[in-house]
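Before any comments, here is the structure.
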Amino acid sequence: MKAGTAFVDITPPAYTWMTGMGPDRPRPCGVHDRLYAKALVLYDGREKYVLVTVDMNYMDFDSVKELKALVEKRTVIKGKNIRIISSHSHSTPGLFVLRKTADLGFYENCKGMEEIRRELVLHVKASCRKIARAVYEADKSLVEAEIGFGKGRSKYNIVRWNKAGRLMRYIPDHAGMRPNQKPLNEMFIMAVREQITGKTLAVFYTNSAHCICVCLKSDLITADYPSYTAATVEKTLGGLCMFAPGTIGDQHPRDFDCGHRAAKIMGEQLAAEILKAVRKMKYSDKLSVSARQSAYKMLPDRKAGKCGEIYTRTVMSAMAINGQALSFWPGEPFGMVTKKVKAFSPFSNTAVIANTDDFKTYFVIVKDFNKYKWDAGAKPWNYEFKNGDRMTVLAVKLLKALKNQL
């Protein structure tokens with residue numbers, strides 16, 4: 001196998017609006033830590049595959065489509081083999097489009113929305129050009145490599161709905177929280193290193209918790225806890241530390257909205273898990289990768305009625321790397337989705353990754369969701385409730401197709 005990496009700084013101007021926590025959030029007054037996009041190219045001797053992690057709240061479908069087209073224009077990499085994963089930090093900008101009318105969901109009536117829309121579009125478009133360049137540079141830096149896999153556990157993940165079905169709001173004291181389920185705390189960890197020197201090229205990991213340790217406690221742009229994880233891992237191992245959000249629809253950090261101290265504690269605990277897993281890894285210079293992407297899916301609006309006038313495009317995708325399966329979702333799946341996908345996946349190890357190639361809010365399993373009288377904050381904003389069930393079926397189909405392809 002061969003692999004290559006590159007990164008690019010995508011930090012916006014300090015005043016650029018942060019898209020987490022609703023329309024009333026004040027504009028940032030500075031930057032706490034730089035935001036990055038990191039690219040990993042894997043080559044199995046036949047085709048090239050790309051994983052890109054981006055310190056951004058979310059990216060819309062059309063911007064990702066343009067980004068992939070830019071990569072295809074400058075390399076031999078196929079767009080269907082590229083995955084763009086947003087970190088979903090609520091202290092970063094981002095752009096999502098919920099309907100074909102190109103509104104911004106509940107932000108559409110926000111004061112100064114047109115100005116905000118323009119600056120978000122400019123930031124995302126500029127970032128796409130930079131990310132395409134990073135993929136190009138990673139592709140040009142391929143070296144003989146080897147790959148290993150491991151697991152870790154997060155100590156600080158919780159479920160953000162309590163036993164009464166209420167959303168646990170952003171309050172100073174979270175000591176009285178009583179989550180209604182156990183959190184998903186398993187981390188998927190993959191490391192790639194140079195074969196000859198043993199130098200780390202990249203570590204790719206998942207964690208099922210929103211990037212909201214800092215949140216409203218700071219008016220500075222930040223990548224949140226993944227920035228502290230990356231700082232520790234990259235200082236220790238070298239190379240890139242790439243974060244991919246797992247199931248995040250109903251998963252939070254325990255100390256959410258508590259500031260940078262909470263982000264540092266959580267980030268460094270995840271880093272310790274990564275370093276422990278890397279030390280135990282067994283590496284192989286053999287690489288088997290396959291990828292699948294669905295045709296455009298049309299998600300009907302839940303208010304469209306029988307005529308269904310309002311639809312939006314999105315995609316589902318999956319990738320298998322040396323028998324390890326990754327199921328990519330264009331939004332925020334709930335923990336119940338991960339449990340269902342893992343239960344029916346033909347692979348022994350399957351990781352569900354959120355916010356890939358698009359952003360389409362929440363996905364749930366209706367039957368499981370209705371066991372709890374959860375409040376309106378839990379529901380998909382714009383889409384038919386059963387889309388979560390439909391997308392789960394599609395995710396399993398893609399995984400089974402990958403298994404048959406191997």
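The values are calculated or read from the model by the stated rules, or taken from the named source; none is laboratory data. From a predicted model like this one, the values you see are computed outputs, not experimental measurements. A quick note on method: Cβ atoms are made from the backbone with ideal geometry, for glycine too, and the neighbour counts reach across all protein chains shown.
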Among residues of region 182-213, those that are assigned to a loop (DSSP other than H, G, I, E, B) and in contact (Cβ under 8 Å) with a residue 12 or more places away in the chain, counted: 12
Any chance Phe347 is surrounded by fewer than 23 Cβ atoms within 10 Å (Cβ to Cβ), closer than 27 Å to Arg153 by Cα, at pLDDT below 90 and among the hydrophobic types (A, V, I, L, M, F, W, C): no
Number of positions in region 234-256 that are farther than 24 Å from Ser327 by Cβ and either crowded, with 21+ Cβ neighbours inside 10 Å or modelled with pLDDT of 95 or more (or both): 7
Search result, residues across region 1-19 that are in contact with a Pro (Cβ under 7 Å, 6 or more places away or on another chain) and crowded, with 21+ Cβ neighbours inside 10 Å: Pro12, Trp17, Met18, Thr19
Hits in region 350-381 (condition: among the hydrophobic types (A, V, I, L, M, F, W, C), under 20 Å from the mean Cα position of the chain (by Cα) and at pLDDT below 85): Ala378, Trp381
Region 326-361, residues that are more than 25 Å from Gly79 (Cα to Cα) and of a type in the set (Phe, Trp, Tyr): Phe334, Phe344
Subset of region 37-54 (residues that are free of Cβ contacts under 8 Å to residues at least 60 places away in the same chain and closer than 23 Å to Ser227 by Cα): none
Residues being modelled with pLDDT under 90, in a loop (DSSP other than H, G, I, E, B) and crowded, with 18+ Cβ neighbours inside 10 Å - total across region 299-336: 1
Ser154 being touching a Phe, Trp or Tyr at 6+ places or on another chain (Cβ under 7 Å) and modelled with pLDDT of 95 or more: no
Residue match in region 199-212 (condition: more than 25 Å from Lys2 (Cα to Cα), crowded, with 23+ Cβ neighbours inside 10 Å, β-branched (Val, Ile, Thr) and modelled with pLDDT of 95 or more): no
Subset of region 48-100 (residues that are β-branched (Val, Ile, Thr), over 20 Å from Tyr296 (Cβ atoms) and buried (at least 24 other Cβ atoms within 10 Å of the Cβ)): Val50, Val52, Thr53, Val54, Thr92
Output for region 337-356, where each listed residue is outside any loop (DSSP other than H, G, I, E, B) and closer than 22 Å to Ser89 by Cα: Val337, Thr338, Ala351, Val352, Ile353, Thr356
Filtered residue count, region 189-215, keeping only those that are under 16 Å from Lys280 (Cα atoms) and in contact with a helix residue (DSSP H, G or I) (Cβ under 8 Å, 6 or more places away or on another chain): 5
Qualifying residue in region 277-295 (condition: of a type in the set (Phe, Trp, Tyr) and within 19 Å of the chain's Cα centre (by Cα)): no
